[in-house]
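Student: Can you read through this structure? Questions will come right after.
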Amino acid sequence: MVTHPDYLFGTPPEHARVNPDNPFILVNHLKCAAFELPLGPPAGGGPDEMETFGELDVRGELAALEDEGLLHRAGPRYHWASETYPADHVSLRTVTTDNFVVIETTFRDEKQTKKRNIIAEVDWGSAFATIYPKAIYLVESTPFEVQELHFREDEEKVAYVKRVNVDYFTDAISAKGVWILRRLEGRQHAAYLAEQGEVLVAEKVVGFKKIKLGTLENVGSGDVELPQQEKQTTSVWLTVAPETLERVSRSREELIDGLRAVTYLLHHLAPIFLLCDIRDLGSWLGDTTPAERGAVATRETAKQRLMQAERFQPTIYLYDAHAGGIGLAERLFEILPGLLRHGLGTLQACACGFGCPSCVGPVNEVGRRAKATAARLLSVLTA
């Protein structure tokens, strides 16, 4: 933004990306609508008809809500049957409303009486990477160590923490996988194929690193046993043609490092053009034909899989981090050629030698050859 002030002064403040067809959003709005008025046939319609919600036929969703006991069907109309007020359960910040409460077990009041004190609330999507057992969770710079995380369906969603005095923080190690479920749109370019559609994203926190404050040294690690999280969402993916890859390098390892650098760069640039937060997007360098569905991989094992693959088809995924998608992937598909050009410009303008967080990522994560390889890749992709 410092090098492109026109972005700040010449663009609108935001793009309101709305996806009312997102099933999680749609069902919540149906609940609220039924609470206000029964849902039934349109004016002048027959008893077997049902008014649409926008342009959608929602008979399937209404039947599912009836099965859950939230709606009651009387003749052709569905009536709200629950004692709860549905709008109370609609979050203004997240698509889903499952949150974890963080409770401090070492809190004492002014009489030194030990009490459990609620210090934070964490959304479901962030919880498994931030409040796993033995994680250091910071609240206003005060470190707390997570003792227990209750996440099962039959128990309250709670993380119990205790105040500690440590000189390190923790960083989760995650394994991930992305599988294409449905291709909705594709565009063949000279050097690559861009596609957009629905994907399944699986993620599992498998461990953590202890990072020393100040020096950022790795001073320890640990394993984490948590369930794998899966969600269906929308994504854009870019598959580079084999001939393009050969023009850049014959070394698979060098190409993987370069493609990882491009993935990092596009992930960090995209929010500027989508006017969203970087956490609204996820990224992954995988394959169009990954391992069996549900098998996640860490960065290292994903690299090994690409290195050993019979057909080398590395694919960059940029996916909507919200379950069901909120319209980010569709817009990303439209601006992808321009995003690649801006990526090349950012790379060429960055003064670092081998990579930094402002362009392709820290050099110790992507390798010393990654920036040069990424520049050659983007030059070919934007030619």
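Student: Name every residue in the range 57-89 that is under 14 Å from F24 (Cα atoms) and in contact with an Asp or Glu (Cβ under 9 Å, 6 or more places away or on another chain), in order of residue number.
Tutor: V58
Student: Does the range 40-50 contain any residue that is more than 30 Å from P271 (Cα to Cα), in contact with a helix residue (DSSP H, G or I) (Cβ under 7 Å, 6 or more places away or on another chain) and free of Cβ contacts under 8 Å to residues at least 60 places away in the same chain?
Tutor: The answer is yes; a qualifying residue exists.
Student: Does K209 meet the test of being in contact (Cβ under 8 Å) with a residue 60 or more places away in the chain and of a type in the set (K, R)?
Tutor: no
Student: On to the next question. If we scan the range 245-254, do we find a residue that is aliphatic (A, V, I, L, M) and in contact with a strand residue (DSSP E or B) (Cβ under 7 Å, 6 or more places away or on another chain)?
Tutor: No: the range 245-254 contains no residue that is aliphatic (A, V, I, L, M) and in contact with a strand residue (DSSP E or B) (Cβ under 7 Å, 6 or more places away or on another chain).
Student: Which of the residues belonging to the range 313-336 are in a helix (DSSP H, G or I), open to solvent by 10 Å² or more (accessible area, probe 1.4 Å) and either hydroxyl-bearing (S, T, Y) or touching a strand residue (DSSP E or B) at 6+ places or on another chain (Cβ under 8 Å) (or both)?
Tutor: E330
Student: Taking R17, is it in a strand (DSSP E or B) and either modelled with pLDDT of 80 or more or open to solvent by 50 Å² or more (accessible area, probe 1.4 Å) (or both)?
Tutor: Against the criterion (in a strand (DSSP E or B) and either modelled with pLDDT of 80 or more or open to solvent by 50 Å² or more (accessible area, probe 1.4 Å) (or both)), R17 does not qualify.
Student: Being open to solvent by 60 Å² or more (accessible area, probe 1.4 Å), in contact with a strand residue (DSSP E or B) (Cβ under 8 Å, 6 or more places away or on another chain) and within 26 Å of D167 (Cα to Cα) is the filter here, so list the residues in the range 213-244 that pass it.
Tutor: L213, E217, N218, V219, S221, D223
Student: Of the numbered conditions (1) part of a helix (DSSP H, G or I); (2) at pLDDT below 90, H342 satisfies every one except a single condition; which is it?
Tutor: Result: H342 fails condition (2) only.
Student: Looking at the range 108-135 only, could you name the residues that are of a type outside the set (D, E, K, R), open to solvent by 100 Å² or more (accessible area, probe 1.4 Å) and under 16 Å from D223 (Cα atoms)?
Tutor: Those that are of a type outside the set (D, E, K, R), open to solvent by 100 Å² or more (accessible area, probe 1.4 Å) and under 16 Å from D223 (Cα atoms): none in the range 108-135.
Student: How many residues, within the range 362-375, are surrounded by fewer than 17 Cβ atoms within 10 Å (Cβ to Cβ) and in a helix (DSSP H, G or I)?
Tutor: Selection size over the range 362-375: 2.
Student: Looking at this structure, is R260 of a type in the set (K, R), surrounded by 15 or more Cβ atoms within 10 Å (Cβ to Cβ) and closer than 24 Å to H342 by Cβ?
Tutor: It is true that R260 is of a type in the set (K, R), surrounded by 15 or more Cβ atoms within 10 Å (Cβ to Cβ) and closer than 24 Å to H342 by Cβ.
Student: Now for a separate question. Report, ordered by the first and then the second residue, all pairs with beta carbons closer than 9 Å, sequence separation of six or more or different chains, a first member in the range 289-309 that is farther than 17 Å from W237 by Cβ, and a second member that is part of a loop (DSSP other than H, G, I, E, B) and at pLDDT 80 or above.
Tutor: If the second residue must be part of a loop (DSSP other than H, G, I, E, B) and at pLDDT 80 or above, the pairs left are G294/Q228; V296/Q228.
Student: Looking only at the range 141-181, how many residues end up being open to solvent by 60 Å² or more (accessible area, probe 1.4 Å) and among the aromatic types (F, W, Y)?
Tutor: Here the count works out to 1.
Student: While we're looking at this one, here's another question. When R187 is evaluated against the numbered criteria (1) open to solvent by less than 10 Å² (accessible area, probe 1.4 Å); (2) within 22 Å of L344 (Cβ to Cβ), which criterion, by number, is the only one it fails?
Tutor: (1)
Student: Also, I was wondering about something else. Do we have any residue at all in the range 221-239 that's part of a helix (DSSP H, G or I) and of a type in the set (A, V, I, L, M)?
Tutor: no
Student: A further question on this structure: Would you be able to say whether some residue in the range 30-44 is under 32 Å from the mean Cα position of the chain (by Cα), open to solvent by 50 Å² or more (accessible area, probe 1.4 Å) and within 26 Å of A321 (Cβ to Cβ)?
Tutor: No, the conditions are met nowhere in the range 30-44.
Student: Can you tell me which condition C359 does not meet? The list is (1) in contact (Cβ under 8 Å) with a residue 60 or more places away in the chain; (2) open to solvent by 30 Å² or more (accessible area, probe 1.4 Å); (3) not in a helix (DSSP H, G or I), and all the others hold.
Tutor: Tallying (1) in contact (Cβ under 8 Å) with a residue 60 or more places away in the chain; (2) open to solvent by 30 Å² or more (accessible area, probe 1.4 Å); (3) not in a helix (DSSP H, G or I), C359 fails exactly one: (2).
Student: For a quick check of your reading: which strands (runs of 3 or more DSSP E) sit entirely within the range 75-184 and have at least 2 residues that are within 30 Å of T301 (Cβ to Cβ) and touching a residue at least 12 places away in the same chain (Cβ under 8 Å)?
Tutor: 114-123, 136-139, 142-150
The values are calculated or read from the model by the stated rules, or taken from the named source; none is laboratory data. Note that the coordinates shown come from a computational prediction; the quantities given were computed from them, not determined experimentally. Backbone-built Cβ (ideal geometry, glycine too); neighbour counts: all protein chains shown. For the accessible areas, the whole protein counts, side chains as well, though only heavy atoms, and no ligand, DNA or RNA atoms are used. Shrake-Rupley method; radii C 1.70, N 1.55, O 1.52, S 1.80 Å.
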